[in-house]
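Structure, as structure tokens:
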Amino acid sequence: MDGRFRANAGFTLLEVLFASLILGFGLTTILVSMSQSQRMMLSSTYLETAQEVMDLGDMAYPLSDVQDPEKDLDVPETKATELWDIIAGKNARLTSAQEEKFHGYTWEREALNRNDSEDDIKRLGNLYTVRVTVKWGDRRRGNGEEESYVTFWRKPE
């Protein structure tokens, strides 16, 4: 070594900036995907609970028990905890974890073609279109969500 400085002994400032840019882009991508994954997991938890509330409502108010569509088919919005009380009885209480899980969830059922004429209902084979809806979230602030499904119920002859 003759003591002279070698130009290619280290990284240039441009190489360091370029490497930092690549590293920053990679870290940003990872953080964004983690955030989206967390949002997706939370959404799936809400939907899983909504499915449980749908099942509770179907057990508390089964369509097979409906005799008169004018009186029994529609069920007003009912809290999930009230559905539990109907199924299990007043003596069987929800655990605090279950109460927290079902807090803010409601269930309702409505006949969509209730106002159709009797002839229209007969032409459809006495079939009523029924929608079951589960709602949750803070609807007053515009953060409310809902999930619903449509099924059919045939009026007994």
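If you scan region 124-152, which residues turn out to be exposed (fewer than 15 other Cβ atoms within 10 Å of the Cβ) and hydroxyl-bearing (Ser, Thr, Tyr)? Passing the criteria: Ser148, Tyr149, Thr151.
When each of Glu147, Glu157, Glu100, Glu110 is tested for being charged (D, E, K, R) and over 22 Å from the mean Cα position of the chain (by Cα), the lone residue that passes is Glu157. Taking the criterion of being of a type in the set (D, E, K, R), under 24 Å from the mean Cα position of the chain (by Cα), under 30 Å from Pro156 (Cβ atoms) and not in a loop (DSSP other than H, G, I, E, B), would at least one residue in region 27-49 satisfy it? No, because not a single residue in region 27-49 is of a type in the set (D, E, K, R), under 24 Å from the mean Cα position of the chain (by Cα), under 30 Å from Pro156 (Cβ atoms) and not in a loop (DSSP other than H, G, I, E, B).
Consider region 101-125 and keep the residues that are of a type in the set (A, V, I, L, M, F, W, C) and closer than 30 Å to Asp138 by Cβ. The one that is modelled with the highest pLDDT is Trp107. For Asn91, the conditions (1) within 20 Å of Thr151 (Cβ to Cβ); (2) polar (S, T, N, Q); (3) part of a loop (DSSP other than H, G, I, E, B) are fulfilled apart from (1). Among the residues of region 50-73 satisfying the criterion of being in a loop (DSSP other than H, G, I, E, B) and among the aliphatic types (A, V, I, L, M), which is farthest from Leu112 (Cα to Cα)? Among residues in region 50-73 that are in a loop (DSSP other than H, G, I, E, B) and among the aliphatic types (A, V, I, L, M), the one farthest from Leu112 (Cα to Cα) is Val66.
Residues satisfying the criterion are absent from region 78-88 (criterion: part of a strand (DSSP E or B), acidic (Asp, Glu) and under 24 Å from the mean Cα position of the chain (by Cα)). Scanning region 59-92 for residues that are modelled with pLDDT of 85 or more and touching a Lys or Arg at 6+ places or on another chain (Cβ under 8 Å) gives Tyr61, Leu73, Asp74, Val75, Glu77.
The values are calculated or read from the model by the stated rules, or taken from the named source; none is laboratory data. Please read all numbers here as calculations on a predicted model, not as lab measurements. Using ideal geometry, Cβ is built from the backbone for each residue, glycine included, and neighbour counts are taken over all protein chains shown.
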